1. Which residues, taken from the stretch 79-108, are assigned to a helix (DSSP H, G or I), within 17 Å of the chain's Cα centre (by Cα) and at pLDDT below 95?
2. Go through 113, 74 for me and flag whichever is within 15 Å of the chain's Cα centre (by Cα) and under 15 Å from residue 41 (Cα atoms).
3. Of all residues in the stretch 23-50 being assigned to a helix (DSSP H, G or I) and free of Cβ contacts under 8 Å to residues at least 24 places away in the same chain, which is nearest to the chain's Cα centre (by Cα)?
4. Test each condition in (1) closer than 16 Å to residue 146 by Cα; (2) free of Cβ contacts under 8 Å to residues at least 24 places away in the same chain; (3) in a loop (DSSP other than H, G, I, E, B) for residue 69 and report the one that comes out false.
5. May I ask you to list pairs of residues, at least six apart or on different chains, whose Cβ atoms are under 8 Å apart, with the first in the stretch 1-21 being on the phi < 0 side of the Ramachandran plot and assigned to a loop (DSSP other than H, G, I, E, B) and the second being modelled with pLDDT under 50 and surrounded by 11 or more Cβ atoms within 10 Å (Cβ to Cβ)?
6. Among the numbered conditions (1) on the phi > 0 side of the Ramachandran plot; (2) within 13 Å of the chain's Cα centre (by Cα); (3) in a helix (DSSP H, G or I), tell me where residue 56 comes up short.
7. May I ask you to verify whether residue 60 is modelled with pLDDT under 95 and surrounded by 17 or more Cβ atoms within 10 Å (Cβ to Cβ)?
């Protein structure tokens with residue numbers, strides 16, 4: 001049975017009280033009625049900043065791994081319940097992808113803004129193997145994998161920008 005979905009609301013039978021729904025929608029940020037992926041990516045930033053502030057890049061790397069594993073499980077549960085392969089309200093994949101991208105960025109606001117832009121571009125364009133994973137891998141793994149592959153491209157772009165940008169651009173830590 002395929003559940004009906006209206007942007008801005010969860011399908012019938014799903015609630016934010018359910019841990020899988022809470023994680024998959026990243027605390028409801030995926031329910032914004034437009035550009036849910038962008039809102040999910042934005043919602044990832046304050047969490048990443050706090051994690052990095054408390055424990056540095058190693059803490060963010062561990063959190064990225066943890067949210068990726070939790071995201072596969074949560075996205076798989078919601079995909080099975082709704083019958084939708086990659087529902088727009090599932091944004092935990094954007095969180096994991098954004099955090100993976102940030103691992104290559106210096107800990108500065110300018111670098112993190114660049115990482116945000118690069119990740120959104122890569123997530124939308126889905127360069128290989130992201131597009132392949134999006135089309136060919138099912139379930140929660142498929143939901144997460146395309147964004148993680150896109151994040152590798154955006155991480156490379158932000159790393160190159162930070163490495164070769166002039167010193168006055170605010171990309172150096």
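The values are calculated or read from the model by the stated rules, or taken from the named source; none is laboratory data. The shown structure was predicted, so the numbers you read here are calculated from the model rather than taken from an experiment. Cβ atoms come from the backbone with ideal geometry, glycine included; neighbour counts cover every protein chain shown.
1. Step one: of the stretch 79-108, the residues assigned to a helix (DSSP H, G or I) are 79-82, 92-102.
Applying the additional criterion that residues be within 17 Å of the chain's Cα centre (by Cα) yields 79, 92-102.
If the condition is that a residue be assigned to a helix (DSSP H, G or I), within 17 Å of the chain's Cα centre (by Cα) and at pLDDT below 95, then 79 is the only one that fits.
2. Details: 74 fails: under 15 Å from residue 41 (Cα atoms).
It is 113.
3. Going through the stretch 23-50, the residues assigned to a helix (DSSP H, G or I) turn out to be 23-24, 29-31, 36-50.
Now drop any that are not free of Cβ contacts under 8 Å to residues at least 24 places away in the same chain, which leaves 46, 50.
On the way: 46: 13, 50: 16 Å.
Ranking the qualifying residues of the stretch 23-50, first place goes to 46.
4. Here residue 69 clears every test but (3).
5. Going by the 8 Å Cβ cut-off, the qualifying pairs are 11/3; 11/5; 12/3; 14/3.
6. The failed condition is (2).
7. On the way: modelled with pLDDT under 95: no; surrounded by 17 or more Cβ atoms within 10 Å (Cβ to Cβ): yes.
Judged against the criteria, residue 60 is not a match.
Listed here are the residues, each with its yes/no results for (1) in contact with a helix residue (DSSP H, G or I) (Cβ under 8 Å, 6 or more places away or on another chain); (2) within 30 Å of residue 9 (Cβ to Cβ); (3) free of Cβ contacts under 8 Å to residues at least 60 places away in the same chain.
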position	(1), (2), (3)
95	yes, yes, no
115	yes, no, yes
123	yes, yes, no
126	yes, yes, yes
151	yes, yes, yes
